[in-house]
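A short write-up of the structure that comes next.
The values are calculated or read from the model by the stated rules, or taken from the named source; none is laboratory data. Because the structure is predicted, anything quoted here is derived from the model rather than measured. Don't worry about glycine lacking a Cβ; one is built from the backbone with ideal geometry, like all the others, and counts go over all protein chains shown.
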Amino acid sequence: MAKKVTITLDEDILAFIDKRAANNEETSNRSRYINDVLSQHRRKVLEAEIIAALTEDANDPEYQKEIALWDCVASDGIE
């Protein structure tokens, strides 16, 4: 669901948005262009957060011990 909001942008940022939106057939308006850019940014931020969490788990000896205990359950032969 989309919500309408009001934001303040610097003139040069707005000019950049207008130019980029006008040059892209898929994002021919400001709102769509901004939504697309923010969606891509959100995806990158979430990916970085997931990678950081997985790296932390991979470097945590206590977590790795716990995983090792569960690994033996995963190979118990039950289909």
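Conditions tested, residue by residue: (1) of a type outside the set (Lys, Arg); (2) within 26 Å of residue 2 (Cβ to Cβ); (3) not in a helix (DSSP H, G or I).
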site: 16; (1), (2), (3): yes, yes, no
site: 21; (1), (2), (3): yes, yes, no
site: 35; (1), (2), (3): yes, yes, no
site: 42; (1), (2), (3): no, yes, no
site: 46; (1), (2), (3): yes, yes, no
site: 55; (1), (2), (3): yes, no, no
site: 63; (1), (2), (3): yes, no, no
site: 69; (1), (2), (3): yes, no, no
site: 73; (1), (2), (3): yes, no, no
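Listed here are the residues, each with its yes/no results for (1) at pLDDT 95 or above; (2) surrounded by 10 or more Cβ atoms within 10 Å (Cβ to Cβ); (3) of a type outside the set (A, V, I, L, M, F, W, C).
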| site | (1), (2), (3) |
| --- | --- |
| 3 | no, no, yes |
| 22 | no, yes, no |
| 25 | no, no, yes |
| 38 | yes, yes, no |
| 53 | yes, yes, no |
| 59 | yes, no, yes |
| 68 | no, no, no |
| 75 | no, no, yes |
| 78 | no, no, no |
